[in-house]
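Step one of this worksheet: look at the structure below.
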Amino acid sequence: MEIDSMLEDDMKSQGVHVTSFEQLINWGRSSSLWPLQFGLACCAIEMIAATMAKYDMARFGAEVFRPSPRQADLMIVAGTVTKKMAPQVVRLYNQMAEPKYVIAMGACAISGGPFKEGYNVLKGIDRFIPVDVVIPGCPPRPEALLDGLLTLRAQIAKEKLMGSHRARHADPLGTAAFPVPECGAHDLEPTSNREIWHPLPVLREVEGVEA
Amino acid sequence: MISASSKSFDAAPMIESGPDDDSLLRVSLGPQHPSTHGVFRMNVVLDGETVVSLKPVFGYLHRNHEKIAEGITYLSSMPYTDRLDYICPLSNNWAYAHAVEKLAGLEVPERAQYLRVILAELTRLINHTAFAGFILGDMGAWGSALMYAFRERELILDLFEDLTGARMMANFMRFGGCRNDLPDGWAAQVSRLVDDYGPFLDEMEKLLVGNEILLARTQGIGSLSKETLVNGGISGPMLRAAGVNYDIRKVDPYGIYERFDFRIPLGATGDCYDRIMIRFLEMRESLKILQQALAQLPEGPVIDPKARIRNFKPPVGESYARIEGPKGELGFHLISDGTTKPYRYRIRPPSFINLTLIEDMCLGLDLADVVVILGSVDIVLGEVDR
């Protein structure tokens with residue numbers, strides 16, 4: 001629900017701040033994201049660099065890296081997810097408490113990146129867990145990670161907590177845990193979670209066949 | 001995942017068969033764990049707090065580097081070597097370029113040789129500085145030491161960015177030289193950085209050397225006999241910390257290292273304290289090399305004009321070339337069948353081989369020491385699992 005801006009300005013001049021619960025909660029959530037301290041590969045070094053002296057992620061309230069998924073609400077998938085690692089990543093995601101968000105940092109986490117053709121590389125973590133923000137780059141610069149964080153904050157600030165368009169975590173029927181894939185004989189089983197992963201159909205033009 | 005089913009390729013069960021005793025505690029450390037060494041897992045069996053058995057589990061970052069490299073041209077593998085040991089991409093570049101040059105018999109111009117030495121030694125500074133920050137993080141001083149370390153790392157990365165266009169993934173060396181020449185004023189910036197690095201090392205050493213907690217946590221922890229280390233194929237600072245004088249820059253000089261005046265620092269006992277301190281001493285020697293290289297930097301081309309980029313086909317044969325990477329002996333073994341792609345491409349990663357003795361180092365110590373020992377080995381999982 002929007003607040004009448006006239007009323008808001010009028011009250012502000014009297015020293016009273018009027019807001020809605022939704023805005024207040026979203027403001028709180030977006031201002032103190034606690035990332036999971038969890039690096040996979042090269043991008044993790046840039047993730048650490050983003051929290052260190054020069055880039056100082058603390059300016060955006062996201063410097064409290066938690067080693068335990070139970071205390072974290074942001075998972076930065078920083079690096080190549082291999083098929084051996086994918087079940088652990090999904091399990092860590094499932095262990096995080098709601099509301100939780102995922103940033104896919106770098107080409108590998110988005111699509112497999114330069115290692116895409118590798119037999120052991122998962123071609124994008126969005127096959128198994130919902131991703132909120134993707135940050136392209138190999139590895140992305142720390143500024144790019146900060147930009148991704150700000151994008152996520154803007155998304156959280158717009159979240160609806162009620163109504164038909166409410167956020168996933170505000171929906172009592174929404175799911176907080178996704179099936180953990182197993183390592184099968186040749187590949188992960190299943191190879192993707194079709195409920196959350198909707199790839200664009202591959203369109204091929206074949207001679208003599210109408211599309 | 002927990003049961004070791006026969007169909008699974010992740011055949012590393014949570015509970016290993018080991019000493020079968022109800023009083024023992026089995027802990028799976030990793031692959032997600034608070035220390036900053038990547039996705040490495042150790043299945044530890046504890047008696048109280050004492051380590052009885054420790055089995056490493058590898059492969060959580062196995063991204064098929066060697067297999068991919070066999071399907072692409074020689075030059076296309078260069079960016080992949082950046083991602084091997086992602087803290088020090090430029091020494092990986094050099095090792096690979098060195099192997100291909102040996103295979104194809106290419107000559108490297110003088111200026112490029114100097115440039116390579118400068119970049120490799122700057123990379124060594126980055127690696128050892130970050131190491132000091134990370135190992136203190138492993139001991140619980142998360143933040144402060146790493147903050148200082150990364151402050152200095154950023155200064156070097158800025159220089160890399162000026163030269164190569166990328167902070168980390170430089171992709172800079174080519175077969176027969178380097179990709180481009182120095183930008184204006186770059187060498188002067190490096191010498192300024194070299195001058196400022198000594199005071200930073202003084203500051204860092206003041207923080208560490210006499211620190212009571214550091215001494216208690218690292219002295220007498222994780223040392224092995226020289227024989228065990230040599231037989232285990234250990235190389236790099238870990239070997240030299242135990243007093244074995246083995247540095248490839250001296251025993252099998254490559255590039256132009258024989259022209260520089262520097263010494264190889266050696267430790268006495270090989271415990272974790274020695275491993276930290278040896279890296280500080282090595283950084284001082286790197287600064288000496290950098291000063292000499294910058295003073296002697298000649299003019300000329302940075303790449304052999306005859307070197308081919310397109311349709312590069314080394315003659316049939318094989319080569320093994322090694323360099324003293326910041327973590328130890330980094331070698332590339334290439335077999336060529338005369339086509340544009342290598343027939344076999346094999347890496348000898350220092351972190352992986354240094355890690356093989358981790359159980360011997362940890363047995364009989366406390367669980368808390370395991371993390372410090374793992375930190376002192378200085379692994380990067382991109383190189384361990386490849």
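Structure data summary
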| quantity | calculated |
| --- | --- |
| The one condition in (1) assigned to a helix (DSSP H, G or I); (2) within 14 Å of chain A (Cβ to nearest Cβ); (3) touching a strand residue (DSSP E or B) at 6+ places or on another chain (Cβ under 6 Å) that B:Ala112 fails to fulfil | (2) |
| Test: B:Glu203 is of a type in the set (Asp, Glu), part of a helix (DSSP H, G or I) and buried (at least 22 other Cβ atoms within 10 Å of the Cβ) | no |
| The listed residue being at the interface with chain B (Cβ under 9 Å from one of its Cβ atoms), of a type outside the set (Ser, Thr, Tyr) and either closer than 17 Å to A:Ala144 by Cα or under 17 Å from the mean Cα position of the chain (by Cα) (or both), out of A:Phe38, A:Phe60 | A:Phe38 |
| Checking A:Val18 against (1) at the interface with chain B (Cβ under 9 Å from one of its Cβ atoms); (2) in a loop (DSSP other than H, G, I, E, B); (3) not polar (S, T, N, Q), the condition it does not meet | (1) |
| Output for the stretch A:177-203, where each listed residue is under 24 Å from A:Leu74 (Cβ atoms) and loosely packed, with under 14 Cβ neighbours inside 10 Å | A:Ala177, A:Pro179, A:Glu195, A:His198 |
| Output for the stretch B:78-109, where each listed residue is part of a helix (DSSP H, G or I) and in contact with an Asp or Glu (Cβ under 9 Å, 6 or more places away or on another chain) | B:Pro89, B:Leu90, B:Ser91, B:Asn92, B:Asn93, B:Glu101, B:Leu103 |
| Leading residue by the ranking (farthest from B:Asp337 (Cα to Cα)) among those in the stretch B:19-76 that are crowded, with 22+ Cβ neighbours inside 10 Å and hydroxyl-bearing (Ser, Thr, Tyr) | B:Tyr60 |
| Among residues of the stretch B:160-190, those that are surrounded by 20 or more Cβ atoms within 10 Å (Cβ to Cβ) and farther than 23 Å from B:His37 by Cα, counted | 11 |
| Among residues of the stretch B:287-320, those that are within 30 Å of B:Phe200 (Cα to Cα) and among the basic types (Lys, Arg), counted | 1 |
| Some residue of the stretch B:176-187 being at the interface with another protein chain (Cβ under 9 Å from one of its Cβ atoms) and among the aromatic types (Phe, Trp, Tyr) | no |
| Condition met for B:Ser235 (under 18 Å from the mean Cα position of the chain (by Cα), surrounded by 13 or more Cβ atoms within 10 Å (Cβ to Cβ) and in contact (Cβ under 8 Å) with a residue 60 or more places away in the chain) | yes |
| Count - residues of the stretch B:210-227 that are surrounded by 15 or more Cβ atoms within 10 Å (Cβ to Cβ) and in contact (Cβ under 8 Å) with a residue 24 or more places away in the chain | 7 |
| Residues of the stretch A:155-174 classified as touching a helix residue (DSSP H, G or I) at 6+ places or on another chain (Cβ under 8 Å) and either surrounded by fewer than 15 Cβ atoms within 10 Å (Cβ to Cβ) or part of a loop (DSSP other than H, G, I, E, B) (or both), total | 7 |
| Test: residue in the stretch A:70-89 that is surrounded by fewer than 17 Cβ atoms within 10 Å (Cβ to Cβ), assigned to a loop (DSSP other than H, G, I, E, B) and hydrophobic (A, V, I, L, M, F, W, C) | no |
| Residue that is nearest to A:Leu149 (Cα to Cα), among those in the stretch A:44-57 that are of a type in the set (Gly, Ala, Ser), in contact with a helix residue (DSSP H, G or I) (Cβ under 8 Å, 6 or more places away or on another chain) and within 8 Å of chain B (Cβ to nearest Cβ) | A:Ala49 |
| Condition met for B:Tyr273 (part of a loop (DSSP other than H, G, I, E, B), hydroxyl-bearing (Ser, Thr, Tyr) and either buried (at least 16 other Cβ atoms within 10 Å of the Cβ) or more than 17 Å from the chain's Cα centre (by Cα) (or both)) | no |
| Test: B:Leu193 is over 21 Å from the mean Cα position of the chain (by Cα) and crowded, with 16+ Cβ neighbours inside 10 Å | yes |
| Unmet criterion (only one of (1) within 14 Å of chain A (Cβ to nearest Cβ); (2) farther than 24 Å from A:Lys83 by Cα; (3) out of contact with any Ser or Thr (no Cβ under 9 Å at 6 or more places or on another chain)) for B:Pro89 | (3) |
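Every number in this text was worked out from the coordinates using simple rules, so none of it is lab data. Keep in mind it's a predicted model, so treat the numbers as computed, not measured. Here Cβ is always computed from backbone atoms with ideal geometry, including for glycine, and neighbour counts include all displayed protein chains.
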